[in-house]
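Below you'll find the structure, written out as structure tokens, and then a few comments.
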Amino acid sequence: VPRALVDPDSPDAPEQTPEPNSGATVSFNDVYTLLGDDPVAKGGFSCVWRCCTAAGGVSKLDKVEYAVKRISKDKMPHRSTRFLYGHGTYLGEIALHRGLRHPNVVELREVFDDSHHVSLVMEYCAGGDLLEITLSHHYSF
């Protein structure tokens, strides 16, 4: 059953997201729309897309863009599942990212988990990823 996992401390959590015990389910596609024909980046079992809220009646100029890392559960090996969700005393990517609050770290807005994908919705930073920027400057140390 899909359920949006929302950081309760996030001041901009969308109103469409249910409280954890409400019984209502919300999918990524209920709240967001993917932008563009191709992902911004691709990995072994995930893609990063630009997205925006799918609220009706809002003009495209008023929409805020986000990045969403869409992880395919079908392609993800069991070991990577533990790295994503955590295992034992290991917190995992989702819990670690939720705990980060710093102006120089991309904020994790919310997480959607359904039968085929885990969607990590984050701030969108134009200009490429840190590795691309570092390699483009090609400094010698």
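With of a type in the set (Gly, Ala, Ser), under 19 Å from THR33 (Cα atoms) and part of a strand (DSSP E or B) as the only criterion, which of SER119, SER115 stands out?
On the way: SER115 fails: part of a strand (DSSP E or B).
The match here is SER119.
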- Query: Just a yes or no: is a residue in the range 87-106 within 15 Å of ALA67 (Cα to Cα), in a loop (DSSP other than H, G, I, E, B) and open to solvent by less than 90 Å² (accessible area, probe 1.4 Å)?
  - Reply: yes
- Message: Against the conditions (1) assigned to a helix (DSSP H, G or I); (2) open to solvent by 30 Å² or more (accessible area, probe 1.4 Å), where does SER80 fall short? Just the number, please.
- Response: (2)
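What about ALA95, is it modelled with pLDDT under 90, closer than 28 Å to GLY127 by Cβ and aliphatic (A, V, I, L, M)?
On the way: modelled with pLDDT under 90: no; closer than 28 Å to GLY127 by Cβ: yes; aliphatic (A, V, I, L, M): yes.
No: the conditions fail for ALA95.
The values are calculated or read from the model by the stated rules, or taken from the named source; none is laboratory data. Keep in mind that what you see is a predicted model, and the values were worked out from it rather than measured. Glycine gets a Cβ as well: all are built from the backbone with ideal geometry, and neighbour counts include every protein chain shown. Each accessible area value is taken on the protein alone, full model and side chains, heavy atoms only, with ligands, DNA and RNA left out. Shrake-Rupley method; radii C 1.70, N 1.55, O 1.52, S 1.80 Å.
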